[in-house]
Amino acid sequence: MPSNGSVSDAPITQFINCRILKEHTLQREDLWVRDGRILDPEKLFFDEQGYADRQLDCGGAILAPGFIDVQLNGGYGVDFSTPSEDPGAGVAFVAKKILEHGVTSFCPTLVTSPPSVYHKVLPEVKVQSGGVHGAGVLGVHLEGPFISLEKKGAHPEQFLRTFGGSGGVNPLLEVYGGLDNVSMVTLAPELAGSQSVVEELSQRGVTVSLGHSVANLSQAEEAVQQGASFITHLFNAMLPFHHRDPGIVGLLTSNRIPAGRSVFYGMIADGIHTNPAALRIAHRAHPAGLVLVTDAIMAMGLPPGRHTLGQQVIEIQGLHAYVAGNTLTSSPVPNQLTFDSRILNVFWGLGTTTLSGSIATMDMCVRHFQQASGCSVPEALEAASLHPAQLLGISHQKGSLEYGCDADLVLMDDQMVLEATYISGVEVWRK
Amino acid sequence: MKLIILEQYDQVSEWAAKYVRNKILLFNPGPERYFTLGLPTGKPLLEQTTSYHTSSVIKRICYGDDRAVGLPRDHPESYHSFMWNNFFKYIDIRAENVHILDGNAADLPSECQAFEKKIQDAGGIELFVGGIGPDGHIAFNEPGSSLVSRTRVKTLAMDTIQANARFFDGDLSKVPTMALTVGVGTVMEAKEVMILITGGHKAFALYKAIEEGVNHMWTVSAFQQHPQTLFVCDEDATLELRVKTVKYFKGMMHVHNKLVDPLPGSLKKN
């Protein structure tokens, strides 16, 4: 038996001829997996006198931790925020498809919706491990409805809420119906009564994210002191950086973050939501906090045209997704002027120019981030794996190739084009 | 004795690795016929051997011969970690074929005797590959060690402890003071001995080892009385030798280099 029977009878797989992402670099090392976890080969050799049952030749490719997407609204025609007969099936469908993008764990995201939607959908979306059936569900990300009117973005105005006077999470429990299976809540900290909410959510182990907000820097810092640790899609749906009041963006370099804690920030690196220069400013200011998210909407994976997102209708043009309306252009958004050869035509006439989630896939985001920021391949990969794991407090288990971590892996070439995806050491997708 | 003189460290490693490869192939090992290799550290050899191995060449018993007493097995400076990271993880040797002295054994003298017995049971060591210290020691047989010594516990010289302090953050109190080592006598029983010596700081030891007499203050000199010894060194290590010695052996390189030529296909096993 290649395993010492007294420790385990499980078969051992050795990934050979690969470069693994470890200690922030790519190392020419083999990766050993047993029982879905990464194994320490030295202990295996000396303590168990064991060796591998089988060897998988990776052909010199890069082997990295699987990607973790903490903001995903749907895809392939499924919108998590639109109630259907079987919300669980919708999540499972998308979970399976995103394996092709290297995503091995994710947080299905619900945008601002009426309580009826939350009450129907939340109980059906459970935390579960990934596998051949699809990426693992880490918990739901509730983006709204406790957000700012001025910064609602594509969220439906009529369902926005405030906290009311009572304090604590009761208003949330009422709206959401419960906090089971919830891993993150995005809220606007300037709303009255937010402090006790942030504090209590954090104590319950729910990650609190600031977003869709007009908070100034001190309001944001206070929220961080109460326990907030994430910024939802930095730059989008918040006040722009101002040199006398940097707003939420200022958290990246704030000196009022409690010791031992870090603020992470989501970036949609699709080349559209953020100008590459702004992406670089954020990255250079606080590289360890950058978390790549897709904020992908149901149209991701679908052809161009009109689609429904939550309670709204949006329109697809190339890699752009806009809120569809029936007025001529309203306030232009600067990055509408991004000239992208993939755009079929510049979208001026028929709708608004408010951005509405993205349709880029996670692997596209990783590649685009690396090109735009000029960072190293390990840094780009960590922004999609290690950092989200650290944000959610699961980095001892996910997002890393340290011994004992889950063997959720992606195999890719030097251009970071994916070749295969593994969950718990089992191949779940191959190109 | 054959003295092989090469220009630099990398060439020494490469020459030695090819020599070992050829020796193993000529030995024609198999599941019932193991090639037994004795290795105290020997970093130069290991680096090159890993690039020369084919999957079947090195599946052999491997004797790690010196072990610091009291160092936990998974300490990054332990011999186990060193051998794993520099050698074992690159080759497909089975753990049951690796024998390393255990510095954490409860009864150290018994551990040493058991080790000697394992060597005997394996039919003796075919090839022992080692380096020497600046004080001319082989394995941990420091100056004054008996030339007929066997595997035993040795107290380390202050020099050695200080030299090793760099692996323990410069803290002398953390450096092990004792080690288990194969004896000079043990190594003398190997069928062949290969010593790798690189660097000017070893030059005086090399001089004492081969140009002066057999002396227990320079324990490597014992191999003058071994029938099959091979010293492989770089130019810097020859700095204390007589010009005559160096010229003599360089003059034989064209013959000695034949030992590392690739073997004809018929002799190669896959």
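Name the residues in the stretch A:380-409 that are in contact with a Gly (Cβ under 7 Å, 6 or more places away or on another chain), outside any helix (DSSP H, G or I) and within 25 Å of A:Arg284 (Cα to Cα), would you? Within the stretch A:380-409, just A:Ser385 meets the criteria. Quick check on my filter: what residues within the stretch A:29-40 are away from chain B (no Cβ under 12 Å) and either in contact with a Gly (Cβ under 6 Å, 6 or more places away or on another chain) or closer than 25 Å to A:Pro388 by Cβ (or both)? A:Val33, A:Asp35, A:Gly36, A:Arg37, A:Ile38, A:Leu39 - these are the residues of the stretch A:29-40 that are away from chain B (no Cβ under 12 Å) and either in contact with a Gly (Cβ under 6 Å, 6 or more places away or on another chain) or closer than 25 Å to A:Pro388 by Cβ (or both). From the list A:Ala259, A:Ala269, which one is in contact with a Cys (Cβ under 6 Å, 6 or more places away or on another chain) and at pLDDT below 95? None of the other options fit; the residue is A:Ala269.
Scanning the stretch A:236-246 for residues that are within 21 Å of A:Val293 (Cα to Cα), out of contact with any helix residue (DSSP H, G or I) (no Cβ under 6 Å at 6 or more places or on another chain) and either outside the structural domain of A:Phe146 (by TED's automatic domain parsing) or surrounded by fewer than 24 Cβ atoms within 10 Å (Cβ to Cβ) (or both) turns up A:Asn236, A:Pro240. One residue is enough: does the stretch A:82-100 have a residue meeting the conditions closer than 23 Å to A:Ile231 by Cα, surrounded by 24 or more Cβ atoms within 10 Å (Cβ to Cβ), in contact with a helix residue (DSSP H, G or I) (Cβ under 9 Å, 6 or more places away or on another chain) and in contact (Cβ under 8 Å) with a residue 40 or more places away in the chain? Within the stretch A:82-100, none of the residues are closer than 23 Å to A:Ile231 by Cα, surrounded by 24 or more Cβ atoms within 10 Å (Cβ to Cβ), in contact with a helix residue (DSSP H, G or I) (Cβ under 9 Å, 6 or more places away or on another chain) and in contact (Cβ under 8 Å) with a residue 40 or more places away in the chain.
Here A:Thr104 meets each of (1) farther than 24 Å from A:Gly153 by Cα; (2) assigned to a loop (DSSP other than H, G, I, E, B) with one exception, condition (2). From the set of residues in the stretch B:162-197 that are surrounded by 20 or more Cβ atoms within 10 Å (Cβ to Cβ) and over 13 Å from the mean Cα position of the chain (by Cα), which is modelled with the highest pLDDT? It comes out as B:Leu180. All of (1) more than 14 Å from every other protein chain (Cβ to nearest Cβ); (2) modelled with pLDDT of 50 or more; (3) in contact with a helix residue (DSSP H, G or I) (Cβ under 9 Å, 6 or more places away or on another chain) hold for B:Tyr63 with one exception: (2). Tell me whether the stretch A:148-168 contains one or more residues that are farther than 17 Å from A:Met238 by Cβ, outside any helix (DSSP H, G or I) and of a type in the set (A, V, I, L, M). No: the stretch A:148-168 contains no residue that is farther than 17 Å from A:Met238 by Cβ, outside any helix (DSSP H, G or I) and of a type in the set (A, V, I, L, M).
Does A:Thr109 qualify as being assigned to a loop (DSSP other than H, G, I, E, B) and of a type in the set (Val, Ile, Thr)? Considered against the rule, which asks whether it is assigned to a loop (DSSP other than H, G, I, E, B) and of a type in the set (Val, Ile, Thr), A:Thr109 comes out as no. Determine if the stretch B:166-181 includes at least one residue that is within 24 Å of B:Ala16 (Cα to Cα) and of a type outside the set (A, V, I, L, M). Within the stretch B:166-181 (the criterion being within 24 Å of B:Ala16 (Cα to Cα) and of a type outside the set (A, V, I, L, M)), the answer is yes, since at least one residue qualifies. Within the stretch A:41-65, the only residue that satisfies the criterion of being surrounded by fewer than 16 Cβ atoms within 10 Å (Cβ to Cβ), within 14 Å of another protein chain (Cβ to nearest Cβ), more than 18 Å from A:Ile423 (Cα to Cα) and at pLDDT 90 or above is A:Asp53.
So that you can scan it fast, the table gives a plain yes or no per residue for (1) touching a Phe, Trp or Tyr at 6+ places or on another chain (Cβ under 7 Å); (2) in a helix (DSSP H, G or I); (3) among the hydrophobic types (A, V, I, L, M, F, W, C); (4) modelled with pLDDT of 90 or more:
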| position | (1), (2), (3), (4) |
| --- | --- |
| A:Phe347 | yes, no, yes, no |
| A:Leu350 | no, no, yes, no |
| A:Met364 | no, yes, yes, yes |
| A:Gln371 | no, yes, no, yes |
| A:Pro378 | no, yes, no, yes |
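For the stretch B:40-59, check the following and say yes or no: at least one residue is at pLDDT 50 or above and away from chain A (no Cβ under 11 Å). Within the stretch B:40-59 (the criterion being at pLDDT 50 or above and away from chain A (no Cβ under 11 Å)), the answer is yes, since at least one residue qualifies. Number of residues in the stretch A:159-188 that are free of Cβ contacts under 8 Å to residues at least 60 places away in the same chain and more than 21 Å from the chain's Cα centre (by Cα) equals 16.
Selection within the stretch A:14-28: residues that are outside any strand (DSSP E or B) and out of contact with any strand residue (DSSP E or B) (no Cβ under 7 Å at 6 or more places or on another chain). The member of this set that is farthest from the other protein chains (Cβ to nearest Cβ) is A:His24. In the stretch B:1-36, the residue that is farthest from the chain's Cα centre (by Cα) out of those that are assigned to a loop (DSSP other than H, G, I, E, B) and within 30 Å of B:Leu241 (Cα to Cα) is B:Glu7. Residues in the stretch A:212-223 that are buried (at least 24 other Cβ atoms within 10 Å of the Cβ) and either among the hydrophobic types (A, V, I, L, M, F, W, C) or closer than 21 Å to A:Leu173 by Cβ (or both): 4 in all. On inspection, A:Pro11 passes the criterion of being over 28 Å from the mean Cα position of the chain (by Cα) and more than 14 Å from chain B (Cβ to nearest Cβ).
Out of the residues in the stretch A:249-273 that are over 19 Å from the mean Cα position of the chain (by Cα) and of a type in the set (Val, Ile, Thr), which is surrounded by the most Cβ atoms within 10 Å (Cβ to Cβ)? So the residue we want is A:Ile257. In summary, strands (runs of 3 or more DSSP E) completely within the stretch A:288-341 and bearing 1 or more residues that are modelled with pLDDT of 80 or more and surrounded by 14 or more Cβ atoms within 10 Å (Cβ to Cβ) occur at A:290-292.
The values are calculated or read from the model by the stated rules, or taken from the named source; none is laboratory data. Being a predicted model, the structure only gives us computed values, none of them experimental. A quick note on method: Cβ atoms are made from the backbone with ideal geometry, for glycine too, and the neighbour counts reach across all protein chains shown.
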